[in-house]
C-alpha cells in the first residue's frame, strides 16, 4: 500500500472554512478519481501553531500505478483549485510513503 501525504499549514483566519472544504469537497473529489481508496485527516501536534495549525491528509492507494495515475492526470488540477480558493492562506508539500509490513 502507498500513502500520498499532503502536509498543509493553514492560516488561522481560514482554518474552519478550510477544514469544511477539505471534508466536504476536496477529499471526496480526490477519492472520486478512483486512484485512492480512503483518506485520513490528521493534525500535527507539538508544532508552532501561532500562525495556524498544520494538517496531514493521507490518501491510501492500493498500488504505485494508482498513485502515478493520480499524479499524471489529476494532481495539477487539484493543486490549481486549492491555490485559486486559498491562495497564500495555505502552504502545502507532498510526499509518498510506502507501508512496510
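On the stretch given as the range 13-23, residues that are touching a helix residue (DSSP H, G or I) at 6+ places or on another chain (Cβ under 8 Å) and either within 19 Å of residue 99 (Cα to Cα) or surrounded by fewer than 18 Cβ atoms within 10 Å (Cβ to Cβ) (or both) total 3. Between a first residue in the range 24-38 that is more than 12 Å from residue 67 (Cβ to Cβ) and a second residue that is modelled with pLDDT of 95 or more and surrounded by 13 or more Cβ atoms within 10 Å (Cβ to Cβ), which pairs have beta carbons less than 6 Å apart while being 6 or more apart in sequence or on different chains? Taking only residues 6 or more apart or on different chains, the pairs are 27/39; 38/60. Within the range 30-56, the set of residues being within 11 Å of residue 5 (Cβ to Cβ) and in contact with a helix residue (DSSP H, G or I) (Cβ under 7 Å, 6 or more places away or on another chain) comprises just one member, 39.
Yes/no per residue for (1) over 13 Å from the mean Cα position of the chain (by Cα); (2) at pLDDT 95 or above; (3) in a strand (DSSP E or B); (4) loosely packed, with under 12 Cβ neighbours inside 10 Å:
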residue	(1), (2), (3), (4)
8	no, yes, yes, no
25	no, yes, no, no
28	no, yes, no, yes
36	no, yes, no, no
49	yes, no, no, no
59	no, yes, yes, no
69	yes, yes, no, no
72	yes, yes, no, yes
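The values are calculated or read from the model by the stated rules, or taken from the named source; none is laboratory data. These numbers were taken from a predicted model, which means no experiment stands behind them. For neighbour counting, all protein chains shown are included, and Cβ atoms are generated from backbone atoms with ideal geometry for every residue, glycine included.
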